[in-house]
1. For the range 289-322 and the range 354-370, what is the separation of their Cα centres, given in Å?
2. Show me the ranking of peptides 45-56, 292-303, 163-174 by mean Cβ neighbours inside 10 Å, starting with the highest.
3. What distance in nm separates the two pseudo spin-label positions at residue 92 and residue 379, each 7 Å out from Cα along the beta-carbon direction?
4. Extending each Cα 7 Å along its Cβ direction at residue 74 and residue 288, get the distance between those two points in nm, one decimal.
5. Please give the length that would be gained between residue 198 and residue 181 if that part of the chain were fully extended, namely 0.36 nm times their separation in residues minus their C-alpha to C-alpha distance (nm, one decimal).
6. Sort 75-86, 110-121 by the packing proxy (mean of other Cβ within 10 Å over each peptide's residues), most packed first.
7. Packing-wise, with mean Cβ within 10 Å as the measure, how do 353-364, 392-403 rank, highest first?
8. Treat each spin label as a single point 7 Å out from the Cα along the C-beta direction, and report the residue 300 to residue 191 distance in nm.
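Read the figures in this text as sums done on the coordinates, not as results from a lab. Remember, it's a predicted structure, so these values are computed and weren't measured experimentally. Here the Cβ positions follow ideal geometry from the backbone for every residue, glycine too, while neighbour counts run over all protein chains shown.
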Amino acid sequence: MSRVWPLLVALSRDWLRNREAAFFALLFPVILLVIFSAVFAGGSAEFTLFVQNNDVEPGGEPTNLSSAFVESLKGVDALAVQSLDPDRNPTAWREGSRTTETQRLLVIPEGFGAAVRNRSLQVRMAVIADTTERMGGQLNASQTAQIRRNVQRARNATNATAPVTVAFRAPPDDESAPTVRGIVDSVVAGFNDRAIGVEEPTVAVESERVGGENLGATDYYLPAFIAAVVLINGVMTVPAVVAGFKHDGTLKRLAGTPLRRRDWILATILQQTVIALVMLGVMVVVARLLFGVTAVPGPLSVALVSLGAVAFTALGIVLAGFLPDPDAATSLGGAVAFPMMFLSGVFWELDVMPPAIRTVAEFMPLYHFHRGLRQLMVRGTTEGLFVPFAVLGVMAAVFVVLAVRTTRWRDF
């Protein structure tokens with residue numbers, strides 16, 4: 001063990017001279033933080049929606065009800081509504097569009113206003129008839145009969161029509177289409193209520209923010225960035241570095257010294273742990289300066305990051321033992337890291353994934369690593385921390401032992 005500290009210093013000096021390693025350790029986390037924060041924490045999203053209103057008067061002006069419906073759509077902050085001339089052919093317009101966004105179209109059919117008036121009157125009469133039946137004990141026979149006659153007379157005065165349909169059209173590769181469709185559905189529901197005279201809703205939704213009052217979106221994403229960077233550094237960068245030592249003969253020369261492989265492995269793990277803590281500090285400082293992040297890691301967060309660095313670095317050393325070429329070792333690490341990163345709920349919640357994927361994700365160490373960091377840095381609680389510490393601790397112990405036992409100086 002007395003050789004570990006001098007070897008750690010030597011490895012650190014070599015790392016400082018390696019521009020590629022310094023880039024991935026310092027600049028890459030910053031780039032990842034800035035890009036994802038700008039994309040996911042850049043404020044409310046706005047979706048472009050073209051509307052073609054075919055319900056127009058003989059003079060070319062839109063009818064009152066169709067115009068009111070379009071105004072309801074424009075009143076939604078999340079929608080950027082643009083008009084498509086009724087004379088344009090939607091198919092030809094869509095073929096002439098170059099982006100997915102401009103192909104999102106809502107078509108209001110001809111006769112929309114008249115159909116809404118007829119249908120709303122029918123619905124009103126149905127509501128009156130149902131209310132009369134429910135109040136049967138409070139009305140006498142004469143009153144009930146009079147109401148029924150009036151309802152039937154009103155029904156006879158209108159043409160029986162099915163609900164008018166507005167057509168929402170979007171290309172199959174438009175990932176935002178379900179979200180826009182949900183917004184349009186909510187606007188249609190509100191328009192339907194007003195059409196039958198419902199001004200005050202029966203049920204209202206009150207939004208309440210859960211979590212720290214001073215926490216922004218980047219605060220919630222910061223644990224994910226940290227977990228992902230520690231994973232990438234340990235599982236992708238470390239195999240490339242170790243394979244590079246094999247390729248240039250460094251490890252072969254070390255085999256001729258009294259240095260034991262155990263000391264070299266422990267020094268490498270300690271070095272990568274220190275680098276992980278440096279990355280943690282850089283990301284927190286940049287996030288604080290650029291995005292006003294207030295989620296600061298405490299001692300338990302630092303301990304969890306250190307344990308994660310040990311676990312993933314040991315895994316990287318084991319992976320490096322399979323391939324002597326640095327590029328191949330990086331590819332192998334990527335084959336392990338990227339599926340874990342995208343399937344463990346780091347950058348999006350597991351709720352959007354199929355049940356089978358959610359089950360698989362819960363067995364991934366990165367899932368528990370990220371959840372533990374989020375508990376500490378965002379929620380400020382130690383509840384459930386035993387699981388991530390236990391998972392990473394067992395992983396670290398297993399792969400450190402495997403790294404020591406499977407690494408052979410003579411193989412280099």
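1. Here the two parts' Cα centres lie 18 Å apart.
2. Numbers: 45-56: 18.2, 292-303: 16.2, 163-174: 14.2.
Order by mean packing, descending: 45-56, 292-303, 163-174.
3. 5.8
4. A separation of 4.7 nm, rounded to one decimal place.
5. Details: separation 17, 0.36 × 17 = 6.12 nm, distance 2.31 nm.
Value of the extension gain: 3.8 nm.
6. Numbers: 75-86: 13.7, 110-121: 17.9.
Taking the mean over residues of other Cβ atoms within 10 Å, the ranking is 110-121, 75-86.
7. Details: 353-364: 13.2, 392-403: 17.8.
Most protected by this proxy first, the peptides run 392-403, 353-364.
8. Modelled inter-label distance: 5.1 nm.
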